[in-house]
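All remarks here apply to the structure that follows.
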Amino acid sequence: MWTRDASLFTENKHEKRESENVMKRLEVQRRRETRKAQTKKLLAAVFSLALIVGLLPGTAFAADPIATDVVIHKRQVSSGTTALPHDGTELTSAPGIPMPGIIFKYWTVSDSVTDAQKGVLAGLSTLAEVEAYAAANPSVLSNPQTTGATNAQGTVTVANMAEGKYIFAEMSNPSISVAEGVGVPFLLELPAMKPDRTAYFGTGANALHAYPKNVLATPGLDVETRTTLEGGPYPEVRLGGTQFELQDKDGNHIEDFMLPNGFATIEDLPEGDYRLVNTVVPDGYLVDNRPIYFSVENGQIIWDEDGKGNPNSGFEPGTDGNNDLIWLDIAKIPYPNKALSGTDAKEASHSIGDVISWTVAIPVPRDIAEYNTYQIVDTLDSQLLWVGNGNVAVIAGGSIVPSSAYTSSTSGQALIINFIPSALVVYEGETLTVTYDTMLNGTAIVGGELAKNNVDLNFDNGHGAMGTTKPPDTPGVWTGGVKFVKIERWRPDVKLPGAEFKIATNAAGTDFITWNADLIYANSAGSFASPTVGQDIVMVSDAQGRFEIKGLAAGTYYLVEIKAPIVDGTVYNLMRDPAPFEISKTSWSASADGAVQIANNKGWAPPSTGGIGTILFTIIGAALMGLAVLVFLRKKKEVPSAS
């Protein structure tokens, strides 16, 4: 990320060298002035002695020591703040903000300190470094003392400081942590001459003002991505595999950083205004590239809830030494879920010509008003047709969604529903259930692949995420059929043509299936008796005794014979009871080689008047009567006469 601003520390060292040079010049000037005063006094003393030589003992006078009040102004400024000249006078406008509660520790520097040692002292940057040097060099630094704490204006006065050299360094205290900034130690040499070089700083109104600045340690910032748990309205868990771009306030690139586990830290943020922009999310989630705005001022992260930019972002102040945190709640990609109406089944069986209703459930995503596109496109299998324009209806939360919230139209096999994002705001977080109607047409493949309609949900969230999603499963419908063969019961190799049958849906054989146009299209007209829309289906066995039906939904049906066959003059009996049969997904293919057999028995035809049957019975009757007469006459001869 960033390291501390090297130019700033160069600036601080420059200030120290400049201050040291000023102090040297002031010391030279002070000594020069002292020598002049001493010379004048010496001349006066010599003159006086010349007048009263031998009368009074000689007396020498030294310059009075100068006490100085040092007023320390503690300011907190940001990295890169331009240094102002510190000439010892009070500044009318100082940079930064006051820092109350700061305590300083200071040492007396030996008068015999060498230039090399001064250079080392000028390079010390922390209290710990000064303390370590003092411990190692007691002949250079001695007599440690502490100041009072700075007041609300960030000032503290060290009164009546004696002439000498000193080094000051910041200390921590209960009310403020100096760890918030890097307090740079500073050197003083007293007395110090005023800028006009006419006098020295002293006490009271003549106090010396020092402005040691705190260069803030640039703060770090934690960034986290979250996602909402299923059924929960608030961010709950971290989401890894995300990436952000850090930009300046104008959107210029600074750096990219990854959040492999949903968390990352940006180190050492200098003063300025920033933007965080989400650029990468894991599969199944939506990029949200609306900028998140924040600033760094006086070493602190500044967050404006009203001006944060991205509405799905949030801020949590750091506690217990932790960084401040900015989080972004990442939304999931919306997925449709499709089913056959009234069931969760992924397939169903229908008869050709049936109206089939479908449902598509889609979530209304968060921030739907921001979306550019929210659209369903449902493309039908060729075995299906739209009923009207699909008879589209949309429901949310048990209430009908007004048609003003969407438009729908069909184009060939496609149904297109365009939702108006602004009209869906009231349904945000709910699920839209879209229903529409299709019909299984005459091209349906009996026992074949499912007839499906594939739905796509197209979206563009207006913030860098667009795409198409599909349901995890696509439901479909199928239709069945069956083949029959009419045979003689005791001679199954004898096929019986000309038998006629209807198909009933009840065991009593009274509710018959009727023709529709698509059923007629799906079946061969030659196998039926005059197929007519709305009339009962009548199947007729062909010369091989075969007949069939295609396009029925799965279930149990009943074959009702309405006309028995006559073959080569032989009359066959009608079936007395309806014969049940099953339609399944495999019934058509299973009956291809072994058609369902329908057996008939021969009947006994009544005799014709005057025909061979009457003659036969007459002859037999006459013969029996003749035989009876002969038996009677024989028995009569055998009976003896009475004598």
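Not counting ligands, DNA or RNA, and with a 1.4 Å probe, what is residue 111's accessible surface area in Å² rounded to the nearest 10?
Residue 111 has an accessible surface of roughly 120 Å² with all protein chains in place.
Under 15 Å between C-alpha atoms is the cut-off here; go through region 374-505 and count lysine pairs that meet it, provided they're at least eight residues apart or on different chains. The partial results should precede the final answer.
Working: 452/470; 483/495; 483/502; 486/495; 486/502.
Step by step, the pairs that qualify in region 374-505 add up to 5.
Roughly how much of residue 524 is accessible, in Å² to the nearest 10, using a 1.4 Å probe?
Looks like 70 Å² after rounding.
Could you report the accessible area of residue 157 in Å², rounded to 10, computed with a 1.4 Å probe on the protein chains as they sit in the structure?
Ignoring ligands and nucleic acids, residue 157 comes out at about 80 Å².
Between residue 154 and residues 5 or more places away or on another chain, which pairs have amide H atoms under 5 Å apart, with H built 1.01 Å from N, and which residues are they?
Result for residue 154 returns 99.
Taking the Cα centre of each part, how many Å lie between region 133-173 and region 339-398?
81 Å
Given labels modelled 7 Å from the Cα in the Cβ direction, how far is it in nm from residue 238 to residue 370?
2.4 nm
Using 7 Å Cα-to-Cβ label points, what is the residue 543/residue 418 separation (nm, one decimal)?
6.1 nm
Net charge around residue 467, counting only other residues with Cβ within less than 12 Å of its Cβ (Lys, Arg = +1; Asp, Glu = -1)? It would help to have the intermediate numbers written out before the result.
Working: positive: 470; negative: 283, 456, 460.
Counting the neighbours of residue 467, the net charge comes to -2.
Ordering 463, 86 by how much accessible area each has at a 1.4 Å probe, largest first, what is the list? Spell out each step's value before the answer.
Values: 463 20, 86 95 Å².
Descending order: 86, 463.
Would you mind getting me the FRET efficiency between residue 596 and residue 265? Use the beta-carbon distance for r and R0 = 56 Å, nearest 0.05.
Numbers: r = 76 Å, r/R0 = 1.36.
The pair residue 596/residue 265 has a calculated efficiency of 0.15.
Note down the net charge around residue 355, summing +1 for each Lys or Arg and -1 for each Asp or Glu among other residues with Cβ under 14 Å from its Cβ.
Working: positive: none; negative: 354, 437, 518.
Taking every other residue near residue 355 into account, the sum is -3.
Taking θ as phi - 60°, what are the ³J(HN,Hα) couplings along region 311-317 by the Karplus curve (6.51, -1.76, 1.60), each to the nearest whole Hz, with x for Gly and Pro?
Values, residue by residue: x, 9, 9, x, 9, 10, x Hz.
Between residue 508 and residue 491, what is the label-to-label distance in nm when each label sits 7 Å out along the Cα-to-Cβ direction?
That separation, rounded to one decimal, is 3.9 nm.
For every other residue with a beta carbon closer than 10 angstrom to the beta carbon of residue 315, add +1 if it is Lys or Arg and -1 if Asp or Glu, then tell me the sum.
Details: positive: 308; negative: 304, 305, 316, 324.
Here the count lands on -3.
Taking Cα centroids, how far is region 464-523 from region 423-449 in Å?
24 Å
Taking 51 Å as R0, compute the FRET efficiency from the Cβ-Cβ separation of residue 536 and residue 332 and round it to 0.05. Before the final figure, lay out the partial values.
Details: r = 54 Å, r/R0 = 1.06.
Between residue 536 and residue 332 the formula returns 0.40.
At q = 0.10, 0.13 Å⁻¹, work out log10 I(q)/I(0) for region 331-435 with the Debye formula, treating every Cα as an identical point scatterer and leaving solvent out; two decimals please.
After summing over all Cα pairs, the log10 values are -0.29, -0.49.
Using θ = phi - 60° and the Karplus relation 6.51 cos²θ - 1.76 cosθ + 1.60, list the HN-Hα couplings for region 191-207 in order, rounded to whole Hz, with x at every Gly or Pro.
3J(HN,Hα) across region 191-207, in whole Hz: x, 10, 7, 5, x, 7, 6, 9, 6, 9, 5, x, 10, x, 5, 9, 4.
The values are calculated or read from the model by the stated rules, or taken from the named source; none is laboratory data. These figures come from a predicted structure and were not determined experimentally. Note that we place each Cβ from the backbone using ideal geometry, even for glycine, and neighbour counts take in every protein chain shown. Accessible surface areas use protein heavy atoms only, side chains included; no ligands, DNA or RNA. Shrake-Rupley method; radii C 1.70, N 1.55, O 1.52, S 1.80 Å.
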